[in-house]
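The values are calculated or read from the model by the stated rules, or taken from the named source; none is laboratory data. This one's a predicted model, so the numbers in the text were calculated from it and none came from an experiment. Note that each Cβ is placed from the backbone with ideal geometry, even for glycine, and that neighbours are counted across all protein chains shown.
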Amino acid sequence: MSRTILQLCLILTAFQASRATTITFSKPDGTPFGLSSLPQTCGDRATVPFSGSCSYTVGPEGATPNILLDYGNAPLLNSWTTANNFLTWGTGYGSLVDVVYAGASNYPGIKFEADAGYQLTLMQFDIAGYSGIARQVRWQVLDSSFSSLWDSGLVTAPASGSISLTPGSTGSTLYLIATEGTFFNTGLDNLKFSQSAIGQGGEIPEPSTYWMGFSGLALAAFRLRRN
């Protein structure tokens, strides 16, 4: 019986290992954003689909209750300063609706920090240019010592539509920084990140993995009942 209980605990741990949140920066009532400062609490410890004036979705992977976000600047790419420098806007950034853009030019960015025992993976974000004009911008992901983990190079935020960038960087502390280009006229949206227990890995299971997991749970429960 003890072996079956152990199997059941391992399966449940696997389900809890990875969770993901996508910040859509949309208002809960669906109306477009006007010009305003993005709240510093946007995306903090996400547990429900909406949070005040900053919206995010919680997918089948679960929420990210162990991740804190901070918005600000990375002066000279070797330190961090909290600042209300990200602004919201509703339309005009390609096909994206309700975006944030950087209102400051001193390496604006987003800091992600995990609680002790956890790590996060910065999975994806979308960008587009403003007012029907393609914009050049460069994004980097830095670790806690401000060493580069990922570099987009100078990419084009399109005048129409949007493009997705997929860093895939993992750590306990990550910085997503705009390091070059016209980030004032580049909208950012659909910021997706995940959390996992350290040692569990940062990848989000595929649907087939969930099916196998549920099958394992059912089998373990059946064996436990028989014993």
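The residues of the range 108-119 that are of a type outside the set (Asp, Glu) and either under 22 Å from ASN190 (Cβ atoms) or in contact with a Phe, Trp or Tyr (Cβ under 7 Å, 6 or more places away or on another chain) (or both), listed by number, are PRO108, GLY109, ILE110, LYS111, PHE112, ALA114, GLN119.
For (1) modelled with pLDDT of 95 or more; (2) over 17 Å from GLY187 (Cα atoms); (3) in a strand (DSSP E or B), each residue gets a yes or a no:
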residue: CYS42; (1), (2), (3): no, no, no
residue: GLU61; (1), (2), (3): no, yes, no
residue: LEU87; (1), (2), (3): no, no, yes
residue: VAL100; (1), (2), (3): no, no, yes
residue: SER105; (1), (2), (3): no, no, no
residue: THR121; (1), (2), (3): yes, yes, yes
residue: GLN124; (1), (2), (3): yes, no, yes
residue: VAL141; (1), (2), (3): yes, yes, yes
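Filtered by the rule that a residue be under 14 Å from the mean Cα position of the chain (by Cα) and surrounded by fewer than 16 Cβ atoms within 10 Å (Cβ to Cβ), the range 92-123 gives no residues.
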